[in-house]
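Report on the following structure.
The values are calculated or read from the model by the stated rules, or taken from the named source; none is laboratory data. Quick caveat, the model's predicted, so the values are computed rather than measured. Methodologically, a virtual Cβ is constructed for each residue, glycine included, from the backbone with ideal geometry; neighbour enumeration extends over all protein chains shown. All accessible areas refer to the heavy atoms of the entire protein, side chains included, with ligands and DNA or RNA removed. Shrake-Rupley method; radii C 1.70, N 1.55, O 1.52, S 1.80 Å.
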Amino acid sequence: MPTSNNPPFPAALRFFSVVVIIVLIVGAGLFFAPVLVKPRWPWAVTPFNARFLGGFYTAEMVVMAALLVWNRWSPGRLVLVMAFIFTVIVSAASFINLGYFNFERKAPWLWFLVYLASVAVSGLFLWRARARPSAKGVTLNPVWRGYMPVESAILGLYGVGLLLFPLTFGSIWPWPIDAFHAQVYSAIFLAGAGGIYLVWRSAPREELLVLGLAQFLVGLLAILGLVITDAAVHRIDWTATGTLCWLALLGWIGISGVFKLYAASRYFSSQSAS
């Protein structure tokens, strides 16, 4: 894209992105090395919660890396909007559930510092860029135009349900989750809903690609983490209605991401050919 239409980000924001990626590497350790990371996490996490959180942080780490690779308003706009939604909700859930944190340890203080800093930085930059139009996007075909608002609405409604009625909407999860974890997980669905809506309104190729990659990784790693963890502890009833609903939901998110990646690759190919 021409620089005038898709300007680069300030150096300070790139530096902040590097710091966030370093923090996310620790979070990703919950998926790849839970035995090492769980004792150092800000609160006590069960094996299933650890792998689910680790899978999401791995996906988020890849998305933040995309911001460094492109270093442009697109896909940075999408990344920052999703990061802002996620960090605001997780910060709020953490303040509501302070009893989960032992503030005699350093980890909880670092948790709040990192999340509040992320809220401040992403929020400030988005506010300063509020008048900037989105980068020039592709024209979505009628199928995508009809599908994406429905997808955004479903994820958004489920995210709101987890946030406001955590025990009710969290009851379909394959393993028991308490109100705190349900509210933290609501941020994943609400951030996804916000990102999908943003791309539906205007679909720069880079944002469609990053969104598809994020959804694919979230769905894949969530299901893979469930399988790996249950292979060790044997606690999941794979025929339960709730488990099947959860698998369908996360599988749908991952498959939807694959189709977005395919659509983005087609747009990139057509641009190269022209």
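Points to keep in mind about this one:
- Scanning region 115-153 for residues that are crowded, with 16+ Cβ neighbours inside 10 Å, hydrophobic (A, V, I, L, M, F, W, C) and modelled with pLDDT of 95 or more, we see that the one that is nearest to residue 253 (Cα to Cα) is 148.
- Tally, over region 213-242, of residues that are among the polar types (S, T, N, Q) and under 22 Å from residue 193 (Cα atoms): 1
- Matching residues in region 246-255 - criterion: being of a type outside the set (Val, Ile, Thr) and surrounded by 14 or more Cβ atoms within 10 Å (Cβ to Cβ): 246, 247, 249, 250, 251, 252, 254
- Residues (surrounded by fewer than 20 Cβ atoms within 10 Å (Cβ to Cβ) and outside any helix (DSSP H, G or I)) located in region 176-195: 176, 178
- All conditions in (1) open to solvent by less than 10 Å² (accessible area, probe 1.4 Å); (2) out of contact with any Leu (no Cβ under 9 Å at 6 or more places or on another chain); (3) part of a helix (DSSP H, G or I) hold for residue 17, with the sole exception of (2).
- Per-region count, region 86-110, residues under 22 Å from the mean Cα position of the chain (by Cα), open to solvent by 20 Å² or more (accessible area, probe 1.4 Å) and among the aromatic types (Phe, Trp, Tyr): 1
Residue-wise test of (1) more than 21 Å from residue 146 (Cα to Cα); (2) assigned to a helix (DSSP H, G or I); (3) polar (S, T, N, Q); (4) open to solvent by 10 Å² or more (accessible area, probe 1.4 Å).
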site	(1), (2), (3), (4)
208	no, yes, no, no
217	yes, yes, no, yes
223	yes, yes, no, yes
229	yes, yes, yes, no
232	yes, yes, no, yes
242	yes, yes, no, yes
257	no, yes, no, no
266	no, yes, no, yes
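- Residue that is open to solvent by 70 Å² or more (accessible area, probe 1.4 Å), under 20 Å from residue 222 (Cβ atoms) and either among the charged types (D, E, K, R) or assigned to a helix (DSSP H, G or I) (or both), where the choices are 62, 26: 26
- Among the residues of region 164-175, those identified as open to solvent by 30 Å² or more (accessible area, probe 1.4 Å) and touching a residue at least 40 places away in the same chain (Cβ under 8 Å) are 171, 172.
Residue-wise test of (1) in contact (Cβ under 8 Å) with a residue 60 or more places away in the chain; (2) charged (D, E, K, R); (3) not in a helix (DSSP H, G or I).
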position: 107; (1), (2), (3): yes, no, no
position: 110; (1), (2), (3): yes, no, no
position: 124; (1), (2), (3): no, no, no
position: 134; (1), (2), (3): yes, no, yes
position: 144; (1), (2), (3): yes, no, no
position: 151; (1), (2), (3): yes, yes, no
position: 158; (1), (2), (3): yes, no, no
position: 162; (1), (2), (3): no, no, no
